1. Report, to the nearest 10°, how far helix 633-644 tilts away from the longest principal axis of the Cα atoms in the chain, using its own Cα long axis and a range of 0 to 90°.
2. Give a residue-ordered list of calculated ³J(HN,Hα) values for region 533-539 (Karplus: 6.51 cos²θ - 1.76 cosθ + 1.60, θ = phi - 60°; whole Hz; x for Gly, Pro).
3. Taking θ = phi - 60°, what integer Hz values does the Karplus form 6.51 cos²θ - 1.76 cosθ + 1.60 yield along region 39-49, in sequence order, with x for Gly and Pro?
4. ILE405: net charge of surrounding residues, Cβ under 11 Å, Lys/Arg +1, Asp/Glu -1, itself excluded?
5. Straight-line reach from LYS376: which lysines have a Cα under 17 Å away, not including same-chain ones fewer than 8 places off?
6. For ARG227, tell me the accessible area in Å² from a 1.4 Å probe, rounded to the nearest 10.
7. Can you sort VAL568, VAL114 by solvent-accessible area, 1.4 Å probe, largest first?
8. Against the globular-protein guess of 2.2 N^0.38 Å, express the Cα radius of gyration of region 74-225 as a ratio, rounded to two decimals.
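The values are calculated or read from the model by the stated rules, or taken from the named source; none is laboratory data. Note that the structure is predicted; figures quoted are calculated from it, not measured. Counting neighbours? That spans all protein chains shown, and the Cβs are built from the backbone with ideal geometry, glycine included. In case anyone asks, the SASA skips ligands and DNA or RNA and just uses the protein heavy atoms, side chains included. Shrake-Rupley method; radii C 1.70, N 1.55, O 1.52, S 1.80 Å.
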Amino acid sequence: MKPFNHSIRVLFTTVLFSLFLLSSLQVDGQSKITSPEEFFGFQMGAERKLARWDQTAEYFFLLENESDRLKVMNMGPTPEGQPFLIVLITSPENIANLDRLQRMNQAISDPRGVPQEKIDEYIREGKAVVFQSMGLHSNEVGGTQMTPELAYDLLTRNDEETIRILENVLFFMIPSLNPDGDVMINDWYNSTVGTEYEGMRMPYLYNKYCGHDTNRDADFLNLLESRYTAQAMYIDWPPQAFIDHHQMGSYGARFYVPPYCDPIRPHADPLVWREIEWYGANMAYKLEEEGFKGVLNDAQFTGWGHFGWHWITPFHNIAGMLTESANVNLATSIYIHPEQLSAGARMFPDYEAQASFPNPWPGGWWHLRDIVEQKKVSAWSLLDVAAKNRETVLKNAWQKARNQIRRGEEGDIRALIVPASQHDHLTSVTMVNTLLRSGLDIRKAGSDFAVGEVNYSEGSYIIPLDQPKRGLILNMLTETHYPQNDWTIRDDGTPLRPYDLATHTMFEFMGVRVDKSPERLEGDFVKLTDFEKPAGNVPGSDVAMVLDGRLNNSFKAVNMLIDNGVEVKRIHKVYGDYRPGDFIVEKAPAGLVNQIATETGVDFNPLNGRPSDVKTLSRGRTGLFQRYYGGNIDEGWTRLCLENFEFPYSTLMSEEIKRGNLRRNYDVIIIPHDSPMHITGSYERSSIDPEDYPEEFRSGIGSDGTENLREFVRNVGRLVVFGSSYEFAVDAFDLQIRNVVSGRPSTQFFCPGSTLRVRFDNTDPLAFGMPDKGFVLYRASPVFAVQRGMANHDYKTVVRYKDENILKSGWLWGEEIIANMPAMVRVNYGEGEIIMIGFRTQHRHQMHGTFKLLFNSILN
């Protein structure tokens with residue numbers, strides 16, 4: 001018997017050892033999966049450790065090879081050449097069946113024309129689609145650092161909860177919505193570790209163009225990263241839930257989770273707000289269950305915010321949400337004393353226990369690892385709720401879409417019309433193409449039609465309201481007003497400022513006419529299935545040509561001509577049908593003209609007659625002022641605007657200004673919206689201490705640079721200042737200008753990000769191509785008054801606020817203070833001039849309606 005028992009024991013041991021080896025090599029039929037610690041060499045969130053984006057991307061590609069639960073979608077390169085990834089995690093069966101699941105999801109999201117029995121089938125058999133994004137603000141590192149660990153857990157765990165998530169949810173994870181910024185932040189932080197600058201704010205923008213404003217671009221989609229995200233979320237895979245993971249200040253709550261507090265923006269389906277409460281309540285519960293302290297919800301962040309990703313998605317019928325973790329110094333821990341903790345945010349008056357904050361954190365050390373862990377719990381919670389309630393989630397998605405369609409069928413507005421006849425028809429095409437990126441249903445008229453007594457031409461666009469994204473359409477394409485009630489005005493009458501702007505009305509920003517139709521339109525209308533690409537007309541023979549100066553794209557065409565050595569002239573007085581600002585091209589190569597007309601859509605029409613007042617156009621050599629101390633977002637957006645319209649420029653730093661002799665290289669210098677202290681470097685009354693930064697990252701032009709700018713302008717230079725930079729110009733050049741709204745209490749004057757009515761003097765070359773009247777964006781903007789003095793004749797108003805009924809959309813108190821006051825002024829100074837534009841003329845590359853005021857400032 002002994003030999004037999006021994007053989008059994010040997011066989012049993014061999015089997016156990018084989019099973020051990022098999023388990024070490026496989027997980028649910030998969031090869032051994034590399035853990036984040038094995039790959040990166042440290043735990044995610046470890047002290048003074050950050051995974052760089054190129055390494056993180058490499059890890060996800062490795063996981064795709066090791067696991068059949070994960071699929072990497074490389075959407076393309078970022079502006080700096082990093083891969084923009086969306087990672088799908090779900091069951092192998094779902095990955096094998098993606099085409100059918102996608103068709104079902106899209107039908108549920110837009111059920112028009114789909115039989116009810118098919119909808120019922122799709123709800124039974126479909127999968128919940130959830131998106132989560134991280135790293136949009138790249139200095140908020142915790143979310144992206146968490147993603148390898150979250151993915152690893154979903155790929156390696158085989159418990160009931162994990163399997164339920166994998167089987168019932170298609171989880172699309174965007175590990176970094178700003179990969180370029182991730183690399184910048186990582187490199188900056190690693191260069192400071194162990195030095196006196198460790199954990200300091202990066203001195204320049206953490207995105208090529210816009211820094212923190214990466215989360216202000218989910219409507220206009222100007223950034224490449226935004227377009228990748230919109231293609232995935234708005235078009236290919238509309239999710240039922242989306243959460244964007246962020247970080248906030250260090251001295252309040254440890255973690256904010258949904259829902260938002262009041263006020264909310266109108267026109268979303270009510271189910272969206274209930275879903276956000278539902279998901280958020282479960283997150284808060286799970287965090288308390290796991291022992292996390294300092295969790296806040298239903299406070300601080302309102303339901304009416306900017307149109308970044310988490311605040312715009314409710315109008316796509318998506319439960320769009322936000323988390324915010326208390327910050328550390330990148331990957332360096334901080335210690336917080338109890339008395340340093342504070343509240344004071346909306347619905348969070350004191351740092352003490354309340355219903356939405358039942359378990360205050362007492363203070364102590366706060367680590368990046370804490371952020372990673374709390375984010376992972378909240379991310380998992382969302383997936384768990386969606387998995388447990390898959391059919392409810394899908395039914396609600398269908399119901400939200402159906403509710404909005406029904407409201408469009410029954411509402412006072414049945415359709416919106418973008419007439420073919422516009423002041424700048426190519427900008428209206430740009431707007432339509434932007435809306436197509438958001439997944440809207442837009443039709444184009446194949447023939448003339450009428451609505452009541454109004455006639456519309458062939459080529460007009462129709463946007464029906466009986467479609468699922470009705471709420472988005474109404475917010476972006478109809479006049480909106482910020483609520484004025486107990487949620488927005490304190491008991492003492494002081495208004496509470498909106499989180500961002502008080503309106504996000506795209507058509508007003510872009511200067512595009514949009515009409516309302518009270519009836520559903522039927523006719524020769526064709527649904528757009530691709531972007532509009534109008535090609536400009538060109539003459540059939542070698543003749544002089546004229547370009548319409550009202551078109552933004554004409555400026556791009558002119559820049560392309562100048563870059564190819566073609567002389568361009570400009571009309572300065574009305575001549576027949578030609579207007580001041582129209583461009584004349586007397587001779588240009590036919591191939592070049594065809595190329596430019598095709599690319600820009602601008603017509604090169606034959607010139608009739610010989611206009612008398614014509615001047616040869618010169619394009620100013622342009623310097624764009626850039627600084628450190630976190631960079632200037634307005635400068636970044638200005639760069640993007642100039643590049644998109646082919647305006648060459650040079651970045652102008654403080655040291656070059658201080659060296660002087662600026663006229664040698666520049667005709668025009670632009671100082672974007674900024675404070676005088678950032679321009680001059682005078683931080684005596686600021687929390688900024690230049691000594692906190694390495695010497696090579698300190699900026700400010702000082703008194704020498706200021707004198708050099710004065711000399712530049714005196715010597716036929718042109719200085720252009722935006723917004724608050726006017727204050728520097730007034731002080732530096734001793735101008736007789738005052739700001740009529742400066743120092744006024746908010747109960748007397750208040751206008752937080754609103755569109756206001758103005759009059760343009762389009763006989764002035766600075767306003768060539770502008771309409772007689774239109775809208776500008778007021779946001780913390782100066783409103784000018786020319787004070788009495790000996791040089792009154794040196795001041796000219798180019799744009800002036802209307803004398804009454806000034807507000808178009810948003811919120812305005814104190815209209816009488818700015819009525820009929822200058823909004824844009826040109827000042828003669830020596831042989832040059834200073835251009836002060838108080839409103840936001842190119843704000844976030846969105847204000848197409850006022851771009852020409854910037855462009856004209858560069859063309860002489």
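1. That helix lies at roughly 70 degrees to the long axis.
2. Computed from phi, the couplings for region 533-539 are 9, x, 9, x, 7, 10, x Hz.
3. Taking θ as phi minus 60°, the curve returns 6, 8, x, 7, 6, 4, x, 5, 4, 6, 10 Hz for region 39-49.
4. Here the charged neighbours net out to +1.
5. LYS286, LYS293
6. ARG227 exposes around 90 Å² with every protein chain in place.
7. Accessible-area ranking of VAL568, VAL114, largest first: VAL114, VAL568.
8. The reported ratio for this selection is 1.30.
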